[in-house]
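The values are calculated or read from the model by the stated rules, or taken from the named source; none is laboratory data. Please read all numbers here as calculations on a predicted model, not as lab measurements. Cβ atoms come from the backbone with ideal geometry, glycine included; neighbour counts cover every protein chain shown. Just so you know, the surface numbers come from the protein's heavy atoms only, side chains and all, with ligands and any DNA or RNA stripped out. Shrake-Rupley method; radii C 1.70, N 1.55, O 1.52, S 1.80 Å.
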Amino acid sequence: MAKPISIEVWNPSGKYRVVSTKSMPGTRWIRLLADNDCRLEICTETKTILSVDDILALIGDRCDVQLTEEWGEVLFSALKRAGGTAFSNMAVGYNNVDVEAANRNGIAVGNTPGVLTETTAELAASLSLAAARRIVEADQFMRAGLYDGWLPHLFVGNLLKGQTVGVIGAGRIGSAYARMMFLKANGEQPVTWKRAATMEDVLREADVISLHPVLDKTTYHLINPERLAIMKKEAVLVNASRGPVIDEVALVEHLKANPMFRVGLDVFEDEPYMKPGLADMKNAVVVPHIASASKWTREGMATLAALNVLGKIKGYPVWGNPNLVEPFLKEDATPPAACPSIVNAKQLGLPSSKL
Ligand SMILES: O=C(O)C(=O)CO
């Protein structure tokens with residue numbers, strides 16, 4: 001028997017039991033659930049990652065929906081036994097979810113696209129600039145009291161103007177990143193772009209490369225020793241997608257062998273850990289998976305996750321275009337009567353909204 005987990009309860013007499021395995025930003029998502037007859041239980045445990053047993057304890061024996069964490073057959077079948085019908089990730093990526101297992105158990109799986117595109121692209125652009133211009137190294141140098149005057153060689157980095165930017169995975173976020181990096185001043189030559197024939201062409205030609213693919217079997221270790229070897233020795237590689245897209249052990253070796261090669265990483269192969277040696281590399285800028293961390297985006301993600309599960313409880317159809325989620329995010333308006341984004345809607349035969 002799993003041990004009890006500490007929770008905070010909103011609207012205790014609500015008819016539907018909704019469990020959130022994390023506290024999420026903002027209060028609108030709480031209001032929306034509480035005002036719609038949901039009893040909301042938010043896990044208040046201080047540990048960041050809950051175990052399967054912790055989540056089983058949270059589900060209990062009667063639960064209508066669930067909102068976050070790593071999910072497979074054990075949890076989806078437990079949710080089903082408790083009468084649950086929906087789960088929502090508070091993320092656009094759902095590589096942590098076994099959707100086949102959800103399908104087998106008839107559980108709708110929500111995600112939160114549309115609200116984090118620009119925010120994530122901005123972080124990828126920030127990492128590109130920070131890595132190219134050695135911002136973190138220079139900051140550490142200042143704080144260590146080592147600056148004793150301007151020097152011609154001090155923290156010389158890469159000039160990005162006029163260089164080639166490569167985007168691998170030009171979906172929503174990759175395209176937004178490209179737009180940001182291609183900004184140019186009035187009156188300058190137009191920026192040109194092309195679709196490369198192969199990924200190897202991008203890796204060979206680009207000075208800055210940003211990775212934006214989804215993680216699946218085909219993109220696991222997409223950046224491996226062979227591909228690192230064909231990149232320019234002074235290239236900047238950025239990853240704000242998923243850690244296992246890069247073979248991180250190989251990356252550490254490559255960083256050691258090529259001090260002018262730089263990386264900006266928001267995600268790691270064994271998150272929350274870094275592979276041995278990475279933390280010591282001065283040519284790596286590392287941040288803790290914060291690409292979507294702007295207030296507007298994180299509150300919007302919480303709202304979309306809550307509305308995914310609320311919509312399923314209410315029997316609403318699934319929103320027609322999960323990229324156009326603004327109507328759900330208007331602070332003082334009633335959101336549309338739809339689930340913003342259910343990734344397995346088709347497999348479960350859920351109706352689509354005509355709105
Ligand atoms: O939404 C996602 O997929 C995330 O990684 C959260 O930033």
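If you check A130 against the conditions, is it within 20 Å of S210 (Cα to Cα), among the small types (G, A, S) and open to solvent by less than 20 Å² (accessible area, probe 1.4 Å)?
It is true that A130 is within 20 Å of S210 (Cα to Cα), among the small types (G, A, S) and open to solvent by less than 20 Å² (accessible area, probe 1.4 Å).
Within region 1-31, can you find the residues that are loosely packed, with under 14 Cβ neighbours inside 10 Å and at pLDDT 95 or above?
Of everything in region 1-31, those that are loosely packed, with under 14 Cβ neighbours inside 10 Å and at pLDDT 95 or above turn out to be E8, V9, P12, S13, K15, T27.
Do we have R204 as open to solvent by 70 Å² or more (accessible area, probe 1.4 Å), within 22 Å of R262 (Cα to Cα), free of Cβ contacts under 8 Å to residues at least 60 places away in the same chain and assigned by the TED database to the domain that holds E234 here? Let's see the steps before the verdict.
Values: open to solvent by 70 Å² or more (accessible area, probe 1.4 Å): yes; within 22 Å of R262 (Cα to Cα): yes; free of Cβ contacts under 8 Å to residues at least 60 places away in the same chain: yes; assigned by the TED database to the domain that holds E234: yes.
For R204, the condition - open to solvent by 70 Å² or more (accessible area, probe 1.4 Å), within 22 Å of R262 (Cα to Cα), free of Cβ contacts under 8 Å to residues at least 60 places away in the same chain and assigned by the TED database to the domain that holds E234 - is met.
Residues in region 309-322: is at least one touching a residue at least 24 places away in the same chain (Cβ under 8 Å) and within 15 Å of the chain's Cα centre (by Cα)?
Scanning region 309-322 turns up no residue that is touching a residue at least 24 places away in the same chain (Cβ under 8 Å) and within 15 Å of the chain's Cα centre (by Cα).
Looking at D64 and the list (1) within 24 Å of G26 (Cβ to Cβ); (2) touching a helix residue (DSSP H, G or I) at 6+ places or on another chain (Cβ under 9 Å); (3) modelled with pLDDT of 95 or more, which single condition is not satisfied?
(3)
So, restricting to helices (runs of 4 or more DSSP H) that lie completely within region 44-159, which ones have at least 1 residues that are more than 16 Å from the ligand (Cβ to nearest atom), of a type in the set (D, E) and out of contact with any Ser or Thr (no Cβ under 9 Å at 6 or more places or on another chain)?
In region 44-159, 52-59, 73-81, 99-104, 135-143 are the helices (runs of 4 or more DSSP H) which contain 1 or more residues that are more than 16 Å from the ligand (Cβ to nearest atom), of a type in the set (D, E) and out of contact with any Ser or Thr (no Cβ under 9 Å at 6 or more places or on another chain).
Collect the residues in region 307-335 that are in a loop (DSSP other than H, G, I, E, B) and loosely packed, with under 14 Cβ neighbours inside 10 Å, keeping them in residue-number order.
G315, G320, N321, N323, L324, K330, E331, D332, A333, T334
Which condition number in (1) of a type outside the set (A, V, I, L, M, F, W, C); (2) free of Cβ contacts under 8 Å to residues at least 60 places away in the same chain; (3) open to solvent by 60 Å² or more (accessible area, probe 1.4 Å); (4) in contact with a Leu (Cβ under 9 Å, 6 or more places away or on another chain) is the one that R81 fails?
Only one criterion is unmet by R81, namely (4).
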